[in-house]
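Encoded as structure tokens, the structure appears first; notes follow it.
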Amino acid sequence: MNIALFAYSRQGCVTARRVLACFPEDSVHPYTMERFEEPGFGSIQRPARDFYGPLFQANQALIFISSVGLAVREIAPHLRSKATDPAVIVLDELGHFVIPVLSGHIGGANDMAKKIAESLGSAPVITTATDINGRFSVDAWATKQNCALSSLSAAKAVSAAVLEGDVPLCTPFPIVTALPKGLCLGNSGKVGILLDWKKASPFETTLRLTPKILHLGIGCRKGTPKEAISGAVEAVLSENQIDRKAVKCCASIDLKAQEAGLLDFCREAGLPVEFYSAEQLNAVPGDFTPSAFVRSVTGVDNVCERAALLGAETFIIKKTARDGVTVALAAEHWEVSF
């Protein structure tokens with residue numbers, strides 16, 4: 001994680017060094033006023049908008065050792081969305097109180113504040129309603145579980161409903177822990193949560209939480225353009241009502257490692273791609289759709305299915321061919337734990 005840390009007094013710099021020790025595995029860059037500069041600290045520059053703006057965009061968290069008012073004034077021009085804004089945390093210069101100010105759930109500011117407070121022996125000042133009432137926080141849980149939120153407005157509706165009563169959760173995944181306060185099992189109602197890779201709306205207002213656990217196996221003819229690959233993938237996802245956000249990665253045979261169309265598709269889709277040898281693919285156990293032609297060219301009877309299943313657990317979609325492209329999907333093992 002990239003973190004920017006700001007101190008505005010000599011005592012603030014002392015506290016900043018204590019905060020630095022809380023994040024030994026993260027990349028933390030401390031800054032202070034020019035007149036207080038000491039080894040390891042950068043200089044806070046003016047104009048403020050030009051200085052804080054790039055740091056607001058480039059870091060996952062900003063920590064201010066200052067008054068809350070100072071921090072709010074510096075970040076205010078750069079606020080965009082709770083889905084993308086970084087965590088912002090404020091400590092007083094003596095480190096008595098740790099206050100998450102922005103992105104408490106999705107950005108993780110609440111958890112960071114608790115971590116700092118535990119290390120410094122401080123008091124975390126948590127103000128989000130679900131936390132102080134001991135109710136389920138859907139956006140915080142989704143972030144920790146790497147689940148995509150379908151809608152911020154639906155997430156807001158769920159958070160409001162959780163404070164009034166239990167919200168129904170519908171999922172095909174095994175639930176291996178007790179449900180937290182604020183959730184119950186159900187598949188109908190005014191507001192509810194669907195935890196699945198499928199696109200569906202069982203509730204009047206449905207918040208879909210989509211775990212990123214699907215492996216996309218792709219085979220293609222030499223010279224296949226990215227448009228054909230993209231079209232085949234999108235058609236398969238659409239026909240099977242699969243949320244695009246559930247796709248974690250792509251995979252194929254190493255003969256396609258320099259295939260421009262496939263590489264361009266993966267880059268534009270923001271998906272990492274893994275290439276496997278014929279030996280690795282042939283070693284994957286399971287029942288596959290064989291092709292004598294594919295075996296004669298690649299040395300393996302099926303590329304897309306075997307590539308999808310390597311590193312995953314269960315087939316979701318077996319080989320589907322479109323315009324010289326073959327597509328298969330497999331899912332990793334996944335359980336619901338609170």
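The values are calculated or read from the model by the stated rules, or taken from the named source; none is laboratory data. What you see is a predicted model, and the numbers here were worked out from it, not measured in a lab. FYI the Cβ positions are ideal-geometry reconstructions off the backbone, even for glycines, and counts take in every protein chain you see. In case anyone asks, the SASA skips ligands and DNA or RNA and just uses the protein heavy atoms, side chains included. Shrake-Rupley method; radii C 1.70, N 1.55, O 1.52, S 1.80 Å.
Which one of the conditions (1) in contact (Cβ under 8 Å) with a residue 60 or more places away in the chain; (2) surrounded by fewer than 20 Cβ atoms within 10 Å (Cβ to Cβ) does Leu195 fail to meet, given that it meets all the rest?
Condition not satisfied by Leu195: (2).
Looking only at the range 59-82, filter to residues that are part of a strand (DSSP E or B) and closer than 15 Å to Cys13 by Cβ; which one of those is nearest to the chain's Cα centre (by Cα)?
Just the residues of the range 59-82 that are part of a strand (DSSP E or B), to begin with: 61-65.
So of that shortlist, the ones also closer than 15 Å to Cys13 by Cβ come out as 63-65.
Values: Ile63: 21, Phe64: 25, Ile65: 28 Å.
Taking the candidates together, the pick is Ile63.
State yes or no: is Pro211 within 28 Å of Thr143 (Cα to Cα), crowded, with 16+ Cβ neighbours inside 10 Å and in contact (Cβ under 8 Å) with a residue 12 or more places away in the chain? Explain how you work it out, then say what you get.
Values: within 28 Å of Thr143 (Cα to Cα): yes; crowded, with 16+ Cβ neighbours inside 10 Å: yes; in contact (Cβ under 8 Å) with a residue 12 or more places away in the chain: yes.
Answer is yes for this residue.
Could you list, in sequence order, the residues of the range 1-58 that are in contact with a helix residue (DSSP H, G or I) (Cβ under 6 Å, 6 or more places away or on another chain), part of a loop (DSSP other than H, G, I, E, B) and open to solvent by 70 Å² or more (accessible area, probe 1.4 Å)?
Gln45 - this is the single residue of the range 1-58 that is in contact with a helix residue (DSSP H, G or I) (Cβ under 6 Å, 6 or more places away or on another chain), part of a loop (DSSP other than H, G, I, E, B) and open to solvent by 70 Å² or more (accessible area, probe 1.4 Å).
Residues being in contact (Cβ under 8 Å) with a residue 40 or more places away in the chain and open to solvent by 50 Å² or more (accessible area, probe 1.4 Å): count how many of those fall in the range 178-192. Let's see the steps before the verdict.
Quick first cut of the range 178-192, residues in contact (Cβ under 8 Å) with a residue 40 or more places away in the chain only: 178-183.
Narrowing further to those that are open to solvent by 50 Å² or more (accessible area, probe 1.4 Å): 178-179, 181.
Going through the range 178-192 one residue at a time, the tally reaches 3.
I want to confirm something. Restricting to the range 203-230 and keeping residues that are outside any loop (DSSP other than H, G, I, E, B) and among the hydroxyl-bearing types (Ser, Thr, Tyr), which single residue is nearest to Tyr276 (Cα to Cα)? If you could, list the steps in order and put the result at the bottom.
We begin by selecting, within the range 203-230, every residue outside any loop (DSSP other than H, G, I, E, B); these are 205-211, 214-220, 226-230.
In the following step, the residues that additionally are among the hydroxyl-bearing types (Ser, Thr, Tyr) were identified as 205-206, 210, 230.
Values: Thr205: 42, Thr206: 39, Thr210: 27, Ser230: 21 Å.
The residue in question is Ser230.
Suppose we filter Ala154, Ala160, Ala200 for residues that are open to solvent by less than 30 Å² (accessible area, probe 1.4 Å), among the small types (Gly, Ala, Ser) and either part of a helix (DSSP H, G or I) or closer than 26 Å to Cys249 by Cα (or both); which single one remains? Steps first, please.
Numbers: Ala160 fails: open to solvent by less than 30 Å² (accessible area, probe 1.4 Å); Ala200 fails: open to solvent by less than 30 Å² (accessible area, probe 1.4 Å).
When all the criteria are applied, what remains is Ala154.
Taking the condition more than 24 Å from Thr32 (Cβ to Cβ) and either surrounded by 21 or more Cβ atoms within 10 Å (Cβ to Cβ) or in contact (Cβ under 8 Å) with a residue 24 or more places away in the chain (or both), does Ala83 pass? Before the answer, list the steps.
On the way: more than 24 Å from Thr32 (Cβ to Cβ): yes; either surrounded by 21 or more Cβ atoms within 10 Å (Cβ to Cβ) or in contact (Cβ under 8 Å) with a residue 24 or more places away in the chain (or both): yes.
Considered against the rule, which asks whether it is more than 24 Å from Thr32 (Cβ to Cβ) and either surrounded by 21 or more Cβ atoms within 10 Å (Cβ to Cβ) or in contact (Cβ under 8 Å) with a residue 24 or more places away in the chain (or both), Ala83 comes out as yes.
Quickly run through the range 1-46 and pick out the residues that are within 30 Å of the chain's Cα centre (by Cα) and aromatic (Phe, Trp, Tyr).
Those that are within 30 Å of the chain's Cα centre (by Cα) and aromatic (Phe, Trp, Tyr): Phe6, Phe23, Tyr31.
Criterion first (within 18 Å of the chain's Cα centre (by Cα), under 30 Å from Phe338 (Cβ atoms) and either without any contact (Cβ under 8 Å) to a residue 40 or more places away in the chain or open to solvent by less than 50 Å² (accessible area, probe 1.4 Å) (or both)) does Cys249 satisfy it? Can you show your working first?
On the way: within 18 Å of the chain's Cα centre (by Cα): yes; under 30 Å from Phe338 (Cβ atoms): yes; either without any contact (Cβ under 8 Å) to a residue 40 or more places away in the chain or open to solvent by less than 50 Å² (accessible area, probe 1.4 Å) (or both): yes.
It is true that Cys249 is within 18 Å of the chain's Cα centre (by Cα), under 30 Å from Phe338 (Cβ atoms) and either without any contact (Cβ under 8 Å) to a residue 40 or more places away in the chain or open to solvent by less than 50 Å² (accessible area, probe 1.4 Å) (or both).
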